[in-house]
1. Cβ contacts < 9 Å: first residue farther than 23 Å from Asp19 by Cβ, restricted to the stretch 72-97; second residue of a type in the set (S, T, N, Q) and open to solvent by 60 Å² or more (accessible area, probe 1.4 Å), any location; separation 6+ or different chain. Result?
2. Looking only at the stretch 106-120, count how many residues are touching a helix residue (DSSP H, G or I) at 6+ places or on another chain (Cβ under 7 Å) and either aliphatic (A, V, I, L, M) or under 19 Å from Val16 (Cβ atoms) (or both).
3. Is it fair to say Phe168 is among the aromatic types (Phe, Trp, Tyr) and at pLDDT 90 or above?
4. Considering only the stretch 47-92, state which residues are open to solvent by less than 30 Å² (accessible area, probe 1.4 Å) and part of a helix (DSSP H, G or I).
5. Can you tell me which residue within the stretch 183-228, out of those that are among the charged types (D, E, K, R) and over 19 Å from Gly160 (Cβ atoms), is most open to solvent (accessible area, probe 1.4 Å)?
6. Which one is nearest to Ala153 (Cα to Cα), of the residues in the stretch 168-208 that are in contact with a Phe, Trp or Tyr (Cβ under 9 Å, 6 or more places away or on another chain) and either among the polar types (S, T, N, Q) or assigned to a strand (DSSP E or B) (or both)?
7. May I ask you to verify whether Gln117 is part of a strand (DSSP E or B), in contact with a strand residue (DSSP E or B) (Cβ under 8 Å, 6 or more places away or on another chain), open to solvent by 30 Å² or more (accessible area, probe 1.4 Å) and within 30 Å of Leu228 (Cα to Cα)?
8. Restricting attention to the stretch 209-228, and to residues there that are among the β-branched types (Val, Ile, Thr) and more than 14 Å from Asp159 (Cα to Cα), which single residue is nearest to the chain's Cα centre (by Cα)?
Amino acid sequence: MRVMALLWPSNIVNKVVEDLLKYGIVQRGFLGITIRGVDATLIKEKELEVETGVYVDSVGQNSAAKEAGIKEGDVIVEIDGKKVNTTSELQEVVASHRPGDKLEVKVNRKGKEVVSQVVLRNREGETNFLDKARTTIFNNLGAQFEDLDKKTAKKLNIDGGVKVSKLFAGKLKRNTAIKEGFIITKIDGRVIKSVDDLETALKDKKGGVLIEGVYEDLPGTHYYALGL
């Protein structure tokens, strides 16, 4: 049987080990963008004025990149003082940093060079380090959450809530019909206005849980039950 090893740069390996020893989990920083490498096809399709770099396909709503003013269609050519020609080069630089770290990002925007200061966020869209207990709870559920923005809350006529921004393997996907975009407003009748509220409501919780909430594009209140 052939075994393939994944080789990481030594600086990232050292960071991972340090994070695990110090925090119990890896503290990874995120830009909050989807990307692809610049090639001849993309240059022609998007009429780009650069020959190398990393193209920004989309920018997350609650992301470090959006906060810094990075836009869809930008081409990242340099980050943290390092030239980037491929997606892997960009990802390597970001992976060597933690939430809260500040990086200078240089992009080509329609032929003009724009420099932004980006403060990396964790996968929950916050600049602080992840808490191991919170991470364990949310990993068990199999979801990423973010505080509902005020504009959407006003539109839905609710005081606030927590949006399910992404689902992956876990109890929510396995045991309920919850879809990405669902906005949690209550847990067992307890009002939920923030990710902190959600963590508090679920911490040390055992047995059945009733989740109440709404969808932005579907009428009515929706209920989901699962066991923890």
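1. Taking only residues 6 or more apart or on different chains, the pairs are Val75/Thr52; Val77/Thr52; Val77/Asn85; Lys83/Thr52; Val84/Thr52; Asn85/Thr52; Thr86/Thr52.
2. Residues meeting the conditions: 3.
3. Spelling it out, it is not the case that Phe168 is among the aromatic types (Phe, Trp, Tyr) and at pLDDT 90 or above.
4. Selection gives Ala64, Ala65, Ala68, Leu90.
5. Lys206
6. Checking each candidate, the answer is Ile183.
7. no
8. Ile211
The values are calculated or read from the model by the stated rules, or taken from the named source; none is laboratory data. The structure displayed is predicted, hence computed values, not measured ones. As a convention, Cβ positions derive from the backbone with ideal geometry for all residues, glycine included, and neighbour counts pool all protein chains shown. Side chains included, ligands, DNA and RNA excluded: accessible areas come from the protein's heavy atoms. Shrake-Rupley method; radii C 1.70, N 1.55, O 1.52, S 1.80 Å.
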